[in-house]
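Participant: Below: one structure in structure tokens.
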């Protein structure tokens, strides 16, 4: 079992080193989210059974344990450490931001999804060719 865990640890470290190399080589600024892993992997609270004192209802603890294992197995801190190490040599700026609204905030500070500067291209029907192409070319 120790050999399997060692190989998984080496594989994770190798992936982190390669990803850090690619990111710091290709980008001048790399932004990471400050995730609260401790809160993400917190245990599920037990749900007492009101009909039977001392008994508990199913609360999804096994599923949450699997999710916790998966979250902790990713080794996000290792990626951040590898990025910071590589960034010292390439001059890449590593920024850590609060994760709130990161999926809605655009590259310009303060501009969120509702205030787009350019309108979105309308969706085309599933069988229609892309704009500017005739159907005979497809």
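Values quoted throughout were computed directly from the atomic coordinates according to the rules given, and no laboratory measurement underlies them. In this text the structure is predicted, and so the values were computed from the model without any measurement. Every residue, glycine as well, gets a Cβ built from its backbone with ideal geometry; the counts of neighbours run over all protein chains shown.
Participant: Quick check on the exposure proxy: order 103, 85 from fewest to most C-beta atoms within 10 angstrom.
Facilitator: In order of increasing Cβ crowding within 10 Å: 103, 85.
Participant: Using only the Cα atoms of the range 2-107, build the gyration tensor, take square roots of its eigenvalues as a ≥ b ≥ c, and label the shape rounded, prolate or oblate: rounded if a/c is under 1.5, else prolate if a/b is larger than b/c, else oblate.
Facilitator: oblate
Participant: Right, something else. Return the distance in nm (one decimal) between the two label points of a simple spin-label model at residue 104 and residue 47, each offset 7 Å from Cα along Cα→Cβ.
Facilitator: That separation, rounded to one decimal, is 2.9 nm.
Participant: Could you compute the FRET efficiency for residue 9 and residue 71, with r as their C-beta to C-beta distance and R0 at 22 Å, rounded to 0.05?
Facilitator: My answer for the efficiency is 0.85.
Participant: Compute the length gained on full extension between residue 62 and residue 85: take 0.36 nm times their separation in residues and subtract their Cα-Cα distance, giving the result in nm to one decimal.
Facilitator: 4.6 nm
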